[in-house]
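To keep things clear, I will list the structure first and then write my remarks on it.
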Amino acid sequence: MSGTYLGMPAFPKAAHEAVGNKTLRGNLRHATHTIRAKRAKAVAEVSDWAALREAGRQIKDHTLRHLDRYLVQLEEAVTAAGGTVHWAADADEANRIVTELVKATGQSEVVKVKSMATQEIGLNEALEAEGIRAYETDLAELIVQLGKDRPSHILVPAIHRNRGEIRDIFRSQMGQWGRPAPEALTDTPAELAEAARLHLREKFLRAKVGISGANFMVAETGTLVVVESEGNGRMCLTLPETLISVVGIEKLVPTWRDLEVFLQTLPRSSTAERMNPYTSTWTGTTGGDGPHTFHLVLLDNGRTDTLADEVGRQALRCIRCSACLNVCPVYERAGGHAYGSVYPGPIGAILSPQLRGVHSDIDASLPYASSLCGACYEVCPVAIDIPEVLVHLRERVVEGGSVTQAGNKVVLKPAKGHAAERAAMRAARWAFTHPGALRTGQRLASRSRRFHPRTLPGPGRAWTASRDLPAVPTEPFRDWWQRTHGGKDTK
């Protein structure tokens, strides 16, 4: 994924560096608290929010259980409507398909709708390697692209930037990509938006090829759906002659009726709006209206392997609303870049290690990038139990075991650096399954309590560096209960 780079450190080190950046912390705190408060207000307006959340969960789970059937139905519907469907097993295949499709048009430029799937596979870099320039048209993505930066948030990729930084980026970089920013540009939002609008307008009017993702795909009709707030997506979806959409296979819903649920929950959870200002739908091609050539690239890239995991598969329910990021105390302080993925925050901590595996230091560390406070689960509009999956993936990192990779069952070796943790957990398991030994250990701990250190030695120092070591009681609970109640219930 394009969020990583050669030598990317594990999350603890990357987060440690990010926490030391006061400007970054200030930008994140202001933005996440603002979005969080607006979302809470928007959700409170809906009396049946819990029912909508449960409906979304059930629709997604049903679709994932029958994904093979619905994908075939989608392909048939898209083809019947005049589109062409391509299947991509991984990022390399998807990039090759898209690059060849663009080359076939004879064009060397494309305009893009904000798409996490294309960021996941590094499409912009793949196109650039073939002499094709991709222009991001979402305002935040434009800021990231002009600043030679990386996205740090699912919904607001430039959340780590403030207005002054954006003004400086526009002034110095816009001219290298097209129409330059006005010389007297200030950091007022209206002026920044106007500079972006004028810069992008010439791109929209000139481009012959558009590239998008999709928020949803409707299997029964072959319809794709993009929701957005700026209108740039509508321009990319309607003006070019050729439209190429790269979409993860999990973005399916069976029917239009199912779509209704998500068009209520997604905008409230993401932008805190009752509905998205722009909801664009298209089904194949239509003569005289919109692109006359449409290609749909269905992307796997680890999703089928994730589907094989009974606990981890719930991550595929995600509708990319970013609500979990805005309530996460870890994300608020560390920012998105520390996650080394285009999917940062709590959802990235469970999705990236499944799509990419836990072989690298960064992916093996992501399941630990959480306090397990559960705030992410509480706000998730499709009820993904992120803490449950985090613990599940931690077990995978520490213990290894059987997983599915590229459709094959393989056995992972335990990750390095967790030997002490494994030994402690195995000792605890043995103690809890031998009551006599547990009782003896508790009594010894109580009687020797005055000799206990305040901090732990060795690997335990990292834990007690920011926590007090709990004091051992003067008497084990079982002994107290036996002494005060005689071991009998006093009801």
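The values are calculated or read from the model by the stated rules, or taken from the named source; none is laboratory data. Just so you know, these numbers come straight off a predicted model, no measurement behind them. Cβ placement follows ideal geometry from the backbone for every residue including glycine, while neighbour counts extend to all protein chains displayed. The accessibility values were calculated without ligands, DNA or RNA, using every heavy atom of the protein model including side chains. Shrake-Rupley method; radii C 1.70, N 1.55, O 1.52, S 1.80 Å.
Here are a few things to note about the model shown:
- Checking Leu142 against (1) open to solvent by less than 10 Å² (accessible area, probe 1.4 Å); (2) more than 30 Å from Ala14 (Cα to Cα), the condition it does not meet: (2)
- Asp361 vs. criteria under 30 Å from Thr23 (Cα atoms), open to solvent by 10 Å² or more (accessible area, probe 1.4 Å), out of contact with any Cys (no Cβ under 6 Å at 6 or more places or on another chain) and not basic (Lys, Arg): yes
- When the residues of the range 224-245 are filtered to those that are touching an Asp or Glu at 6+ places or on another chain (Cβ under 9 Å) and open to solvent by less than 30 Å² (accessible area, probe 1.4 Å), the one that is nearest to Gly290 (Cα to Cα) is Gly233.
- Enumeration of residues in the range 301-321 that are out of contact with any Ser or Thr (no Cβ under 9 Å at 6 or more places or on another chain), charged (D, E, K, R) and open to solvent by 30 Å² or more (accessible area, probe 1.4 Å): Glu310
- Filtering the range 204-223 to residues that are over 23 Å from the mean Cα position of the chain (by Cα), crowded, with 21+ Cβ neighbours inside 10 Å and more than 22 Å from Leu263 (Cα to Cα) leaves Ala207, Val209, Gly210.
- Meets criteria (outside any helix (DSSP H, G or I), under 24 Å from Phe11 (Cβ atoms) and charged (D, E, K, R)) for Lys409: no
- Candidates are the residues of the range 155-168 that are open to solvent by 20 Å² or more (accessible area, probe 1.4 Å) and among the aliphatic types (A, V, I, L, M); the one that is modelled with the highest pLDDT is Ile166.
- Scanning the range 11-47 for residues that are more than 25 Å from Gly336 (Cβ to Cβ) and open to solvent by 70 Å² or more (accessible area, probe 1.4 Å) gives Ala44, Glu45, Ser47.
- Among the residues of the range 317-361, the ones that are assigned to a loop (DSSP other than H, G, I, E, B) and not basic (Lys, Arg) come to 16 in all.
- Of the numbered criteria (1) over 20 Å from Ile35 (Cβ atoms); (2) surrounded by fewer than 18 Cβ atoms within 10 Å (Cβ to Cβ); (3) among the small types (Gly, Ala, Ser), the one Gly284 fails is (2).
- Residue-level analysis places Ala134 among those that are open to solvent by less than 50 Å² (accessible area, probe 1.4 Å) and either closer than 27 Å to Gln405 by Cα or at pLDDT 95 or above (or both).
- When the range 176-192 is filtered for residues that are among the small types (Gly, Ala, Ser), on the phi < 0 side of the Ramachandran plot and open to solvent by less than 50 Å² (accessible area, probe 1.4 Å), only Ala181 remains.
- Those residues of the range 231-246 which are of a type outside the set (Val, Ile, Thr) and touching a helix residue (DSSP H, G or I) at 6+ places or on another chain (Cβ under 6 Å), in sequence order: Met235, Leu239
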